[in-house]
Structures are given as C-alpha cells and as structure tokens.
Amino acid sequence: MKQNMTEFISRIVTSPRRLVMPIMTTPGIELTGSKPSEVFQNGTLQFRCIEALDAEVGADALVTFMDLSVEAEAFGCPIEVSEHENPAVTGSIISDEHDIRKLAIPKIGSKRTAATLECARLCAQKFTDRPVFGGMIGPFSLAGRLADMTEMMILAASEPENAALLLDKVTGFLTEFAQAIKETGVNGLVIAEPAAGLLSPEMCQEFAADYLKKIISRVQDENFMVILHNCGKTDKQIPALLSTGAAALHLGNATKLTDVLPLIPGSVPLMGNIDPVGVLKNETLENIYAITLELLKATAQYRNFVLSSGCDIPPGVPMVNIKAFFRAAEDFNRNR
C-alpha cells in the first residue's frame, strides 16, 4: 500500500520514540523450517520467512532479503549457495576493456531477480500498516563483483574511462531494477554499496555517489524513499553519501555513530549500527541488551537516529538474541 514517506521521515525526526528497523530476514529461515538453498531461490519462501520473523519481533519497518549476489548472477557470475551462509559470488566475468564493451545487460526478471520482485510484491500486499523496503546492490559494489574488487579498484585508479563504461552499464541495469522493485508496491529501497567504503572521499564521489544519484533521482519521490547503506568506515565519506540525495543513510558498525551524527542534517534519518556478528550473533543476552541500550543512550539527543543492525543479520543468530535487541529498545522508549 502506498504510504507518504515524507510523513514517515517526519515521524522519525519529530517523535521522542526511537524507531527500530534492523536489516534482518535470514533468521526467519529457521522459523519456517526451510532450507537456505531453497529460500534464496524462491520469493514466496522469502516472504514466509519475513512473515514468520515479524510474528516474533515486530519492527517499525521491514526490509526484504538483502542478497547481494542476485544482480551479479543475473549478469553471468557464478555463485555458491550454502546451507549456512548467504549466497556468494565465486568468480568474475570481466578481465579487460573488451569484456566491458561486450557485457550484455540482463533482463529484469531473469534468474533470481524474479524471486526478489516476488518477495517484494508479497510483502507489499501483506504489510500495509508500516513501510516495506526492497533491497539491491549499488553500482560500484556490483561492478566489483563483475570485474573482481581488486581489479575494479585498479581500474578506477588507472583506467577511469573503462571504469566509467562499466559503471554506466551496471547503473542502467540497476535503475531499471529499482523501478521494477518500486512497481511491486513497496515503499522504498535499501541500496547497499559496501565496496564504496574502500574508496577515498574523492573516488567515492566519482565512482559511487555520482552513479547512485542517477538511480535515486529516477525512483525516489514522496511515496518511495531510498536508504543508502554503507558498512565501511565512512567518517570522511559523509558529504559524498549525502550528495546522492538518498532520503536516509544506513551505516555499519565500522563507524562510530556519535562521530557521524553531528555531520548529518537533522532532517535526514541515520540508521545503524549494532554489529550483527560480533554482538547479535556472538554476545550473551545480557551484553546484547546492554550494548544496544548504550547506543540508544549515546544517540538520545539526535531525533533522526533509527536503531538498526550494522548490516544484514546473518543466518544462525538465535531468536532470543534478536529479542534482547528489541527489548532494549522497548525499555529505552518506555522510559523516555
């Protein structure tokens, strides 16, 4: 159902209550008794995982599966699907300028992009009481999967024209993919651009932010907001990330949020950043609760802060751990 996302942002930045919106889907696999290798291939199964997870811990907004191998596979990269981890790209398909020039743009709906769209459509139909966000990879990170990340870094530094050619191609595809996700009826999109965290501020602007801006300007409006995720150490990249025009930023646990929040306009929500592995997977219940509460207290003066995980919560995180995270938020909000 269409919701006014300008009003949603206003709710974030004016309410004394801290909204809670972790990026979590894969813990729902265990709740449904499904096999990960099947879930990552099937949009209906993905939806059932999100539905089961929501029945356990209701978030203020939901995010569909954040599988950053989908787009690379659509271009032809080999992937490995595990029963214990998210699918992973296992090889690149570009080695030189000739490969870039002959690179064919996949059709939207090909391979597992169809599952992504089906999950988004089902979530949009089911969850009409709060925003639902689709998910996809960003252009620089996708280019790094197609060409190998080390080679993409070298390409950007020594052959910027060829880097731009590749980025133009993947940005065209991702713009159409973002539009297709929007047409499913979801209320927004989380674009994950983790590889941009490897770049200098200047290169982040040239090879990531400027391309992200093209995608965001095409799809973002009052009923559809884009959240830009970067899980690198982004302290010096904030101006570049803001320049994309994304309605909100989502940062990983490599960044200290109290250092970054003063750099962000109060009208722009900042989401993050409890460590999904080091804390949510590996810490005790008491420490998960304490660390989450500590972050909420440290950011209490910033109305634009939204509590989230630093990145996608991986498979194998016990539900009791996730509930400890939510309980800390509930207790904090109760005492506001």
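A few points about this structure:
- Residue 14 vs. criteria open to solvent by less than 20 Å² (accessible area, probe 1.4 Å) and of a type in the set (S, T, N, Q): no
- Residue that is nearest to residue 11 (Cα to Cα), among those in segment 277-321 that are among the β-branched types (Val, Ile, Thr), touching a Leu at 6+ places or on another chain (Cβ under 9 Å) and open to solvent by less than 30 Å² (accessible area, probe 1.4 Å): 306
- Residue that is farthest from residue 54 (Cα to Cα), among those in segment 322-336 that are buried (at least 17 other Cβ atoms within 10 Å of the Cβ) and touching a strand residue (DSSP E or B) at 6+ places or on another chain (Cβ under 9 Å): 332
- Note on segment 131-211: enclosed helices (runs of 4 or more DSSP H) holding 2 or more residues that are among the small types (Gly, Ala, Ser) are 139-147, 149-158, 160-183.
- Residue check for residue 215: within 18 Å of residue 23 (Cβ to Cβ), touching a Gly at 6+ places or on another chain (Cβ under 9 Å) and touching a residue at least 24 places away in the same chain (Cβ under 8 Å): no
- Condition check for residue 244: out of contact with any Lys or Arg (no Cβ under 9 Å at 6 or more places or on another chain), open to solvent by less than 10 Å² (accessible area, probe 1.4 Å) and either under 17 Å from residue 205 (Cα atoms) or basic (Lys, Arg) (or both): no
- Options 55, 72, 59; residue that is part of a helix (DSSP H, G or I) and open to solvent by less than 20 Å² (accessible area, probe 1.4 Å): 72
- Any chance residue 274 is of a type in the set (A, V, I, L, M), closer than 25 Å to residue 321 by Cα and crowded, with 19+ Cβ neighbours inside 10 Å: yes
- Residue match in segment 167-190 (condition: over 20 Å from the mean Cα position of the chain (by Cα), open to solvent by 10 Å² or more (accessible area, probe 1.4 Å) and at pLDDT below 95): no
- Looking only at segment 82-105, residues that are part of a loop (DSSP other than H, G, I, E, B) and surrounded by fewer than 18 Cβ atoms within 10 Å (Cβ to Cβ) come to 11 in all.
- Filter result for residue 90 (closer than 20 Å to residue 315 by Cα and in contact with a Cys (Cβ under 9 Å, 6 or more places away or on another chain)): yes
- Top-ranked residue of segment 16-33 - restricted to ones that are touching a Cys at 6+ places or on another chain (Cβ under 7 Å) and free of Cβ contacts under 8 Å to residues at least 40 places away in the same chain, ranked as farthest from residue 64 (Cα to Cα): 32
- Qualifying residue in segment 212-228 (condition: on the phi > 0 side of the Ramachandran plot and either in contact with a helix residue (DSSP H, G or I) (Cβ under 8 Å, 6 or more places away or on another chain) or not in a helix (DSSP H, G or I) (or both)): no
- Subset of segment 247-264 (residues that are of a type outside the set (Ser, Thr, Tyr), open to solvent by less than 10 Å² (accessible area, probe 1.4 Å) and in a loop (DSSP other than H, G, I, E, B)): 252
The values are calculated or read from the model by the stated rules, or taken from the named source; none is laboratory data. On a predicted model such as this, the values are computed, not experimentally measured, just so you know. Cβ coordinates were reconstructed from backbone atoms using ideal geometry, including for glycine residues, and neighbour counts include every protein chain displayed. In case anyone asks, the SASA skips ligands and DNA or RNA and just uses the protein heavy atoms, side chains included. Shrake-Rupley method; radii C 1.70, N 1.55, O 1.52, S 1.80 Å.
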